[in-house]
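Read through the structure below, which is laid out as structure tokens, and then see the notes.
The values are calculated or read from the model by the stated rules, or taken from the named source; none is laboratory data. As the structure is a prediction and not an experimental result, all values here were calculated from the model. As a convention, Cβ positions derive from the backbone with ideal geometry for all residues, glycine included, and neighbour counts pool all protein chains shown.
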Amino acid sequence: MTTAALFIILFGCMFLGMPISIALGLSSVVTILFFSPDSLASVALKFFENLSEHYTLLAIPFFILSSAFLSTGGVARRLIRFAISVVGMVRGGLAMASVLASMLFAAVSGSSPATVAAIGSIVIAGMVRAGYPERFAVGVISNAGTLGILIPPSIVMLVYAAATEVSAARMFMAGFIPGIIMGLMLMVAIYIAARVKNLPAQPWAGFREVFVSAFAASGGIFLIIIVLGAIYGGIASPTEAAAVSAFYAYCVSIFGYRDIGPMKGVPWRRPDEPLATAAMRNVGGMGVALVRSAGDPDVHRVILDASKVAIMLLFIIANAMLFAHVLTTERIPHLIAEAIIGWGLPAWGFLIVLNVILILAGDFMEPSAILLIMAPILLPIAVQLGIDPVHLGIIMVVNMEIGMVTPPVGLNLFVAAGITGRSLLWVLRAALPWAGILVLFLILITYVPEISLFLPEYIDELRGYK
């Protein structure tokens, strides 16, 4: 009775068009109030416990703030220039460069929609001007943007770690190699399509451009080394690395690239200016800018936008955790686990059922809510069948990637539609052929666990854990 009431209220609210976060919270509260022996007073306590006991969740607002500064601070533009200098000379190289730039930006943002917005707003128009069909460009970027939640640091991985108490650092390690493989698969598909469609190649800019563009993009690339190096090396936890990344992104955007803030547009060295004079001017200017940045409207806007995204995401997480609490109190995960195990499915059969359920859920719900609800249900079954929790996490993340490009809640589709001004249906038609690569990649990740587990197990051996 309680289970039926919980899901009837949830799907009823969603059918009426209620936001998923409110639907999760309302269905949980109503179920506790009328159908559960649990006290309604426990709701406030559960909200507090959810966001205070899960230390890993504190990394989410820091990574969002870091992404906001880097998206506004011109890092995406410099990463694209570097990617074009590396692979632009290949047929279809501009599209391949957009995938490489997405991989690099994913490693500093942790968000799929942010990757599509930052990279797509620049390269889609550039590809069209270079002679690429607009549908081709939009399809590539919509799918390449999904790397934002697979290549670490990933906000979705942090949510999975909080829901299952799996190490967030191990999840980050496990996502590194799959992210590279998926990016390479997209590049190979682009090269084949470019040969068939006779798409153009960019002229080789020379090694000087490679080194110059790499230096220009080093502000963003160095952040990858700081965050992942600190986490993989055991120097900092993901939360501590996220805090450092937010401060670093602030400094790079305001004092390094100077695309926002009080030093916006001020060159590091003016023509014919002596080097010593430029150095003294910059030292003094940075001190003044550090004070003035507190009142700068550009900085205020970035922080406000990041705060809105973080609050929205944490509100979804809090309500989803409350929903998961009701499920656990009513022993629903245990009943589902016993039922599935009773079917006598082998591990490979369970993984098929798992992927079908997650792909369907990804069509209708936000990734964080899915992970918080489904992970506690699926993890006990997976463990009993001998599936590693980290491997399960990567499978779930890849399923969430597919959900990013499938309607009706495909966030990447909405972002791409906003960039191009096209209808959602038009963007969907552009993205679906490339989504087939994601499905092939999902099959590969599902049945070859070594791809996900090699790096965390290897690093554990280096640290002497095994």
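If you check Leu228, Leu223, Leu186, which single one turns out to be over 30 Å from Arg463 (Cβ atoms) and out of contact with any strand residue (DSSP E or B) (no Cβ under 6 Å at 6 or more places or on another chain)?
Of Leu228, Leu223, Leu186, the one residue that is over 30 Å from Arg463 (Cβ atoms) and out of contact with any strand residue (DSSP E or B) (no Cβ under 6 Å at 6 or more places or on another chain) is Leu186.
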Problem - Residue that is modelled with the highest pLDDT [pool: residues in region 328-350 that are surrounded by 15 or more Cβ atoms within 10 Å (Cβ to Cβ) and closer than 18 Å to Pro376 by Cβ] - result: Phe350
Handout entry: Residue that is modelled with the highest pLDDT, among those in region 402-422 that are within 14 Å of Ile359 (Cβ to Cβ) and small (Gly, Ala, Ser)
Key = Gly403
Handout entry: Flag if Glu330 is within 21 Å of Ser36 (Cα to Cα), in the same structural domain as Ala44 (by TED's automatic domain parsing) and among the charged types (D, E, K, R)
Key = yes
Exercise for the section: Among the numbered conditions (1) modelled with pLDDT under 80; (2) within 24 Å of Ala117 (Cα to Cα); (3) not basic (Lys, Arg), tell me where Ser52 comes up short. Expected result: (2)
Handout entry: Boolean, Ile254 is farther than 30 Å from Ser167 by Cβ, part of a helix (DSSP H, G or I), modelled with pLDDT under 85 and out of contact with any strand residue (DSSP E or B) (no Cβ under 9 Å at 6 or more places or on another chain)
Key = yes
Handout entry: Search result, residues across region 159-173 that are in a helix (DSSP H, G or I) and β-branched (Val, Ile, Thr)
Key = Val159, Thr164
Exercise for the section: Hey, can you tell me all the residues within region 164-204 that are among the acidic types (Asp, Glu) and in contact with a Pro (Cβ under 7 Å, 6 or more places away or on another chain)? Expected result: none
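Condition check: of a type in the set (S, T, N, Q) and modelled with pLDDT of 85 or more. Does Ser28 satisfy that?
Details: of a type in the set (S, T, N, Q): yes; modelled with pLDDT of 85 or more: no.
Criteria not met by Ser28.
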Fill in the blank from the handout: Ile224 passes all but one of the listed conditions (1) surrounded by 15 or more Cβ atoms within 10 Å (Cβ to Cβ); (2) within 16 Å of Ala435 (Cα to Cα); the exception is number (2)
Completion exercise
Taking region 13-25 and keeping residues in contact (Cβ under 8 Å) with a residue 12 or more places away in the chain and either within 15 Å of Ile370 (Cβ to Cβ) or surrounded by fewer than 17 Cβ atoms within 10 Å (Cβ to Cβ) (or both) leaves Met14, Ile20, Ser21, Ile22, Ala23, Leu24
Exercise for the section: Confirm whether Gly131 is part of a helix (DSSP H, G or I), in the same structural domain as Met96 (by TED's automatic domain parsing), at pLDDT 85 or above and small (Gly, Ala, Ser). Expected result: no
Practice task
Taking Pro433 as the residue in question, decide whether it is part of a loop (DSSP other than H, G, I, E, B) and within 22 Å of the chain's Cα centre (by Cα).
Solution key: no
Exercise for the section: Give just the number: which of (1) farther than 21 Å from Phe176 by Cα; (2) modelled with pLDDT of 85 or more does Met103 not satisfy? Expected result: (1)
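What's the total number of residues in region 399-424 that are assigned to a helix (DSSP H, G or I) and within 16 Å of Phe364 (Cα to Cα)?
Taking region 399-424 as the starting set, the residues that turn out to be assigned to a helix (DSSP H, G or I) are 399-403, 411-420, 424.
If we keep only those that are within 16 Å of Phe364 (Cα to Cα) as well, we get 399-403, 411-414, 424.
Qualifying residue count, region 399-424: 10.
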Exercise for the section: Report, by residue number, each residue of region 237-264 that is surrounded by fewer than 18 Cβ atoms within 10 Å (Cβ to Cβ) and without any contact (Cβ under 8 Å) to a residue 12 or more places away in the chain. Expected result: Glu240, Phe247, Cys251
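Out of all the residues in region 207-221, which are out of contact with any helix residue (DSSP H, G or I) (no Cβ under 6 Å at 6 or more places or on another chain) and at pLDDT below 85? Please lay out each step first, then the result.
Looking only at region 207-221, we keep the residues that are out of contact with any helix residue (DSSP H, G or I) (no Cβ under 6 Å at 6 or more places or on another chain), and these are 207-208, 211-212, 215, 218, 221.
Passing the criteria: only Ile221.
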Exercise for the section: Looking only at region 207-216, decide whether some residue is assigned to a loop (DSSP other than H, G, I, E, B), in contact with a Ser or Thr (Cβ under 7 Å, 6 or more places away or on another chain) and surrounded by fewer than 18 Cβ atoms within 10 Å (Cβ to Cβ). Expected result: no
Practice task
Say whether the condition of being closer than 24 Å to Ile64 by Cβ, in contact with a helix residue (DSSP H, G or I) (Cβ under 7 Å, 6 or more places away or on another chain) and among the aromatic types (Phe, Trp, Tyr) is met by at least one residue in region 340-361.
Solution key: no
